[in-house]
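Peer 1: For reference, the structure I am asking about is given below.
Each reported figure results from applying straightforward, stated rules to the coordinates on display, with no laboratory input. Not measured: the values here are computed from a predicted model. Note: ideal-geometry Cβ built from the backbone for every residue, glycine included; neighbour counts use all protein chains shown.
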């Protein structure tokens, strides 16, 4: 996976990376939406929340509600359009606490503990990685840029 990113790094060098606060605000909005969906009665709520958090970046328009609100968009480093498979891989780390919550008896404890660890790791990587990529971006070979640059001809410079 790192090999393809190394090939494309020059191409994306001029792209304006998403501001860190905007990324956090966008992901927080998506998690709030998923938590709201979780409250739908029965298994439908859990399914809806998991589906949203895993697939939100692959929806039509190629960005989630949180990305739309913050003016960001996810692009694949191979310059192909964002799809559901890439969205699934990208958001699997964020969805892991939602999955763990479903485990009987210890689920809430596991969700809280793993969720805290995931939050710390993703925050560290997103903030300190030279390319601003969190673990999910590395798995799915994606990059978050400002929306004006995320058209088919990424990057658009000033």
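Peer 1: If you take the residues in the range 58-90 that are out of contact with any helix residue (DSSP H, G or I) (no Cβ under 8 Å at 6 or more places or on another chain) and over 21 Å from residue 24 (Cβ atoms), which one is surrounded by the fewest Cβ atoms within 10 Å (Cβ to Cβ)?
Peer 2: Of everything passing the filter in the range 58-90, 60 is surrounded by the fewest Cβ atoms within 10 Å (Cβ to Cβ).
Peer 1: Further question on the same structure: Sort out which residues of the range 33-43 are touching a helix residue (DSSP H, G or I) at 6+ places or on another chain (Cβ under 9 Å) and either assigned to a helix (DSSP H, G or I) or at positive phi (or both), and write them in order of number.
Peer 2: Correct list: 33, 34, 35, 36, 37, 38.
Peer 1: Taking the range 108-122 only, how many residues are closer than 18 Å to residue 54 by Cβ and in contact with a helix residue (DSSP H, G or I) (Cβ under 8 Å, 6 or more places away or on another chain)?
Peer 2: 5
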